[in-house]
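Report on one structure; see the data block that follows.
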Amino acid sequence: MNENTIQALLVEDNPGDTLLLQHMLTGAPFWKAMLTCTERLQSALALCRQQTFDIVLLDLSLPDSHGYATFEQMRQQIPQTPIILLTGSDDQELALRVVRAGAQDYLVKGESNAALLIRAMRYAMERKRTEEALREHHLRYQALFENENIGVFIINVDGFLLNVNRQAARMLGNSVDHLVNTPLLAYLAPEEHSQFTHHLTTLLAGESVPLHEHTLLRSDGSQVPIEVDSSLVRN
């Protein structure tokens with residue numbers, strides 16, 4: 001999505017409502033809306049297969065579909081695209097159902113104005129950006145965690161292992177299941193316990209810890225020197 005232009009799909013069979021919505025979006029203060037309009041759900045689904053839209057404004061009463069099923073089909077076609085529902089009736093039960101199922105907002109036509117519509121669209125797209133950023137962060141985390149060359153140890157504020165990857169488990173000569181919920185100090189040389197505690201306190205205080213070394217104690221009694229890069233992960 002361009003910062004100044006959004007591609008919006010309007011699915012609305014009432015010409016008067018279409019003109020009104022087009023007028024509402026004219027001169028929006030945040031972006032220019034490039035609006036594609038269609039009157040039927042099947043036509044909208046076909047358009048979504050051909051191109052990508054930043055947002056969809058969907059009437060729930062169309063010539064070829066009505067009610068919740070309209071939203072459900074559209075959601076299945078474009079699960080990652082924000083959908084704002086438009087309806088002529090204030091059905092609170094339906095509104096709750098579609099929002100719980102993933103709709104970004106539910107607007108009653110006779111009670112909506114340009115400010116409400118633009119705000120709903122802006123919030124929906126901001127939520128989409130946040131979700132995409134979280135998804136990208138999760139993928140980066142997964143790539144790091146599954147790296148076969150780096151041992152990853154995730155500990156809580158008390159120094160207990162919340163999770164380790166397979167490489168970390170191999171370094172300790174143990175299984176992931178056995179290591180989870182055990183104290184990391186149990187696998188460090190005794191003379192390094194105070195250093196570990198100091199680094200943990202430093203991290204929790206929001207300060208950085210320089211690259212440092214530790215010695216892991218394996219299950220067979222052997223020792224493995226490692227280089228440690230520590231960081232704080234909030235929440």
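The values are calculated or read from the model by the stated rules, or taken from the named source; none is laboratory data. Since we're looking at a predicted model, the values are computed, not measured. As a convention, Cβ positions derive from the backbone with ideal geometry for all residues, glycine included, and neighbour counts pool all protein chains shown. Remember, those area values only see protein heavy atoms, side chains included, never the ligands or the DNA or RNA. Shrake-Rupley method; radii C 1.70, N 1.55, O 1.52, S 1.80 Å.
Some observations on this one:
- Hits in the stretch 74-97 (condition: within 18 Å of Asn14 (Cβ to Cβ) and either among the β-branched types (Val, Ile, Thr) or surrounded by fewer than 18 Cβ atoms within 10 Å (Cβ to Cβ) (or both)): Ile84, Thr87, Gly88, Ser89, Asp90, Asp91
- The helices (runs of 4 or more DSSP H) falling completely within the stretch 6-120 that include 3 or more residues that are modelled with pLDDT under 90 map to 15-25, 92-100.
- Some residue of the stretch 134-153 being in a loop (DSSP other than H, G, I, E, B), in contact (Cβ under 8 Å) with a residue 60 or more places away in the chain, open to solvent by less than 60 Å² (accessible area, probe 1.4 Å) and of a type outside the set (S, T, N, Q): yes
- For Ser175, the criteria (1) among the small types (Gly, Ala, Ser); (2) surrounded by 10 or more Cβ atoms within 10 Å (Cβ to Cβ); (3) on the phi > 0 side of the Ramachandran plot hold in every case but one, which is (3).
- Selection within the stretch 47-59: residues that are in contact with a strand residue (DSSP E or B) (Cβ under 8 Å, 6 or more places away or on another chain) and over 17 Å from Leu85 (Cα atoms). The member of this set that is surrounded by the fewest Cβ atoms within 10 Å (Cβ to Cβ) is Gln51.
Let's see how each residue does on (1) over 16 Å from Leu85 (Cα atoms); (2) free of Cβ contacts under 8 Å to residues at least 24 places away in the same chain; (3) touching a His at 6+ places or on another chain (Cβ under 9 Å); (4) open to solvent by less than 70 Å² (accessible area, probe 1.4 Å):
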site: Ile6; (1), (2), (3), (4): yes, no, no, yes
site: Val11; (1), (2), (3), (4): no, no, no, yes
site: Gly16; (1), (2), (3), (4): yes, yes, no, yes
site: Leu45; (1), (2), (3), (4): no, no, no, yes
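- When the stretch 154-177 is filtered for residues that are of a type in the set (D, E, K, R) and outside any loop (DSSP other than H, G, I, E, B), the ones remaining, listed by number, are Arg166, Arg170, Asp177.
- Positions within the stretch 178-220 being assigned to a strand (DSSP E or B) and open to solvent by 90 Å² or more (accessible area, probe 1.4 Å), in sequence order: Glu213
- Selection from the stretch 27-44 of residues that are among the charged types (D, E, K, R) and farther than 17 Å from Leu62 by Cβ: Lys32
- The listed residues are Arg40, Arg75, and the only one of them that is out of contact with any Lys or Arg (no Cβ under 7 Å at 6 or more places or on another chain), of a type in the set (Lys, Arg) and within 24 Å of Lys128 (Cα to Cα) turns out to be Arg75.
- Residues within the stretch 18-32 that are open to solvent by less than 30 Å² (accessible area, probe 1.4 Å), in contact (Cβ under 8 Å) with a residue 40 or more places away in the chain and more than 25 Å from Asp90 (Cα to Cα), tallied: 1
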